[in-house]
Structures are given as structure tokens and as C-alpha cells.
1. Considering only residues that are surrounded by 16 or more Cβ atoms within 10 Å (Cβ to Cβ) and among the basic types (Lys, Arg), look in region 79-92 and name the one that is modelled with the lowest pLDDT.
2. Run Gln44 past the list (1) farther than 18 Å from Gly115 by Cα; (2) buried (at least 21 other Cβ atoms within 10 Å of the Cβ); (3) touching a residue at least 60 places away in the same chain (Cβ under 8 Å) and report the number of the one that doesn't hold.
3. Filter region 13-48 for residues that are within 26 Å of Gly108 (Cα to Cα), assigned to a helix (DSSP H, G or I) and at pLDDT below 90 and give the result.
4. With the structure loaded, tell me whether Arg10 is outside any strand (DSSP E or B), modelled with pLDDT under 90 and either exposed (fewer than 14 other Cβ atoms within 10 Å of the Cβ) or among the small types (Gly, Ala, Ser) (or both) or whether it fails that test.
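The values are calculated or read from the model by the stated rules, or taken from the named source; none is laboratory data. Since the structure is predicted, the reported quantities are computational estimates derived from the model, not experimental observations. Here Cβ is always computed from backbone atoms with ideal geometry, including for glycine, and neighbour counts include all displayed protein chains.
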Amino acid sequence: MRGAVRERPRRYARHLRADQTLAERKLWRFLRDRRLGGFKLRRQHPVGPFIADFCCLEADLVIELDGGQHAAQRDADARRTAFLEAQGYRVLRFWDNEALANTSGVLGRIVEALGHPHPDPLPSRERGEVSRALPGRERESPLG
């Protein structure tokens, strides 16, 4: 998340999608088009007053890539994480250099998080959940 949305959320998210960091671009190549375990991930997705770097609505998961500036704003990041968790999301944070240098390790941790349900999920009938399996399409390994 690059901060609170100061303009219309969709317009700001569109701007961020056009101006991705190198780490976001690299990771997005593996996350797009249901390439990771068949899960749909969105990039630069508005959640309340913030824009999540990547979000999986099916798994209630937000993935954040943090650049060096985040070392100086730990309190703000903690408040954002608390807000997202209050909305029912789990939050995974990775440093940009980790996503660039150890992409397979980052993807492995994301796959693990996608495979484990939220610790306190609503019953599927209340979430309007549908099967994650895609008919006629086998899940492919993002790491192989």
C-alpha cells in the first residue's frame, strides 16, 4: 500500500497500476490470470481508505510489497495492517528486494497462505463462496 487514498479510489488505483514498482511488476507476472493455484488476485485494489498492492478476495488475503521507505513508517504500516485485519483480511508483507531476489520463496509463502483458510472464516454460505476449482483446468505449479 502506498498510503491512504487522497483522490477517487479507482482513479488512484488505476494510476498506481500504470506506475508499478519493479518488484510489483515481477510478482504480478506470476499472480495474474489465476496462475497461482487458480486464485484470482487483483493488483492495486482499494480497501477502505487504502490501496492494497495485491488482494485475493476469495482467500481474504492482502499482499504488500514494501520498499525502503517503509522502514521509517512502521507505525503507519501497523495501523494499515490492523485496519485490513479488522476488515477480515490476512496481510503478508515482503520487502521489494526479497520479491526481486527470492521470487520463488515469496511465491511459496503466498501459495501456503492461499491454501490455508482464514483463522475465523464465515461459513461459506454467508460469504457467497463458490468452488475455487476451475472446470476443465488443472492447477499448475507457480514454482515449477
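1. Looking at the filtered set, the residue picked out is Arg80.
2. For Gln44, the exception is condition (3).
3. Answer for region 13-48, where residues must be within 26 Å of Gly108 (Cα to Cα), assigned to a helix (DSSP H, G or I) and at pLDDT below 90: Leu16, Arg17.
4. yes
Conditions tested, residue by residue: (1) under 15 Å from the mean Cα position of the chain (by Cα); (2) closer than 18 Å to Glu24 by Cα.
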| site | (1), (2) |
| --- | --- |
| Leu36 | yes, yes |
| Leu41 | yes, yes |
| Phe50 | yes, yes |
| Asp53 | yes, yes |
| Cys56 | yes, yes |
| Gln73 | no, no |
| Ala76 | no, no |
| Arg80 | yes, no |
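To keep it simple, each residue is scored yes or no on (1) at pLDDT below 80; (2) surrounded by fewer than 16 Cβ atoms within 10 Å (Cβ to Cβ); (3) part of a helix (DSSP H, G or I).
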| residue | (1), (2), (3) |
| --- | --- |
| Asp77 | no, no, yes |
| Val106 | no, no, yes |
| Arg125 | yes, yes, yes |
| Glu129 | yes, yes, no |
